[in-house]
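Every number here is computed from the coordinates shown, using simple stated rules; none is lab data. From a predicted model like this one, the values you see are computed outputs, not experimental measurements. Virtual Cβ from ideal backbone geometry, glycine too; neighbours counted across all protein chains shown.
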């Protein structure tokens, strides 16, 4: 079989086959492919490619979500879902897509969590945010508490299959240091399909106390691009069942103050992500 | 009347068959049996099919392997003496396609094939660095009980150039062989993944037909993809 001139042989592939190829790459690759040649531009922007990157079925959304000027293309719809999470019908969760992989990401609002003593106004207040990227009406503001514990859960079917996810508690602290958030550390755990992984976390960076009592290195928070902090609570590989995420106090008796909890975010682990800017705390 | 697949497999012992691991030898063996068939005066009725390329070259294909091609499947009962004309496919490419089908036919599961293509996500694996905290270890490549994945890798690696790869994709598309089409498209996608446009052009022999201004415009519109 003779090689009949190698340049631009790919032009023999009709656009639908070129789209089939691009659909097997990543959203980032498909956007870069648009700059390869004019043939690639048409295929790279085609609906066939971008419909493969996003889920076909969205969960029921709150009224008015996805309203406004509709994105002109499937690619536009994908990017819109990546940039601005949509609020689900129950108002307790929002969903977005991970721009690198198209995987579904969720944010469980503070109201969706079980926060110990959360209903006792002496300890926790529920305040409205002036503006929130996640459009939840309320966040949980801690006045003070001895026992800090928050639990969330999500059905694994809502997440993308065969993917590794991590959970992050999204919060702000109102004091620079101290007030029980930097020491002693908490225990974060994730349970899926009967198996649990736990590790030590600290809501505030503490230079001198970086280990827990057993000598394990604690995880510290990172700053997000939206101005909030996030602390990784663990990772899990998505398969059937329900995912339970919890942050638990390990040592009663220390008063904690000055915490505002927005919720728990669940998104794919690893590689680039559009949420974290500078890391702090020696990770 | 098509013999059942098991009988077809048993009959293979009577005819010189290429070793399973070598697609190039399979193509050569196809050539040998073509000459034998021509000497014997055409295909036996109810036995193997003979695919006839535009140039007249003949490629033998068992009926069991032919099931993998939806195009041939619909044509074969209407073809006299089991001779199936295949238009627009080079003889050499046809031999490669036939070798693929022969290798895959014993393990072909049309439902699994269709199910895989229906589920769009994820089309690629998500990189994962294992840590002490993860519950599950990194996804392993999985078992390859029939050696098909290794054979497929060699099949693709043995293609002489991109031109051959594209020709295989076009042939698989025309003949309706979903698994081969998937394999070919994945091979091209593998050459693109993670690469900048200049590198993609080199890897796939593509000429840049943008003006510098046009290319800059496209890069601006997709700025996020070019940031590190």
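Quick notes on this structure:
- Additional length obtainable on full extension of the chain from residue B:79 to residue B:202, 0.36 nm per residue less Cα span: 39.9 nm
- Per-residue ellipticity at 222 nm, computed for chain A from helices alone with -39500 (n - 2.57) per DSSP H run of at least four residues, works out to -3500 deg cm²/dmol.
- Translational diffusion coefficient (Stokes-Einstein; Kirkwood radius from C-alpha pairs) of chain A at 37 °C, 0.692 mPa s, in µm²/s: 158 µm²/s
- Across peptide B:159-172, the average count of Cβ atoms from other chains found within 10 Å of a residue's Cβ is 4.
- Per-residue mean of foreign Cβ neighbours for B:211-221 is 3 (Cβ atoms of other chains, 10 Å radius).
- Annotation: the residues A:149, A:265, sorted from fewest to most other C-beta atoms within 10 Å of their own C-beta, follow the order A:149, A:265.
- Order of A:144, A:165 - criterion: other Cβ atoms within 10 Å of each residue's Cβ, fewest first: A:144, A:165
- Other protein chain Cβ atoms within 10 Å, averaged over every residue that makes up B:195-207: 5
- Per-q log10 I(q)/I(0), the range A:55-210, q = 0.09, 0.11, 0.13 Å⁻¹ (Debye; single scatterer per alpha-carbon; no solvent): -0.37, -0.55, -0.76
- Taking 1.306 mPa s as the viscosity and 10 °C as the temperature, the Stokes-Einstein diffusion coefficient of the range A:2-87 based on its alpha-carbon Kirkwood radius rounds to 109 µm²/s.
- Each label was represented as a point 7 Å from its Cα along the Cα-to-Cβ direction; for residue A:141 and residue B:158 these points are 7.2 nm apart.
- Here A:109, A:246 are placed in order of increasing Cβ neighbour count within 10 Å, fewest first, which gives A:246, A:109.
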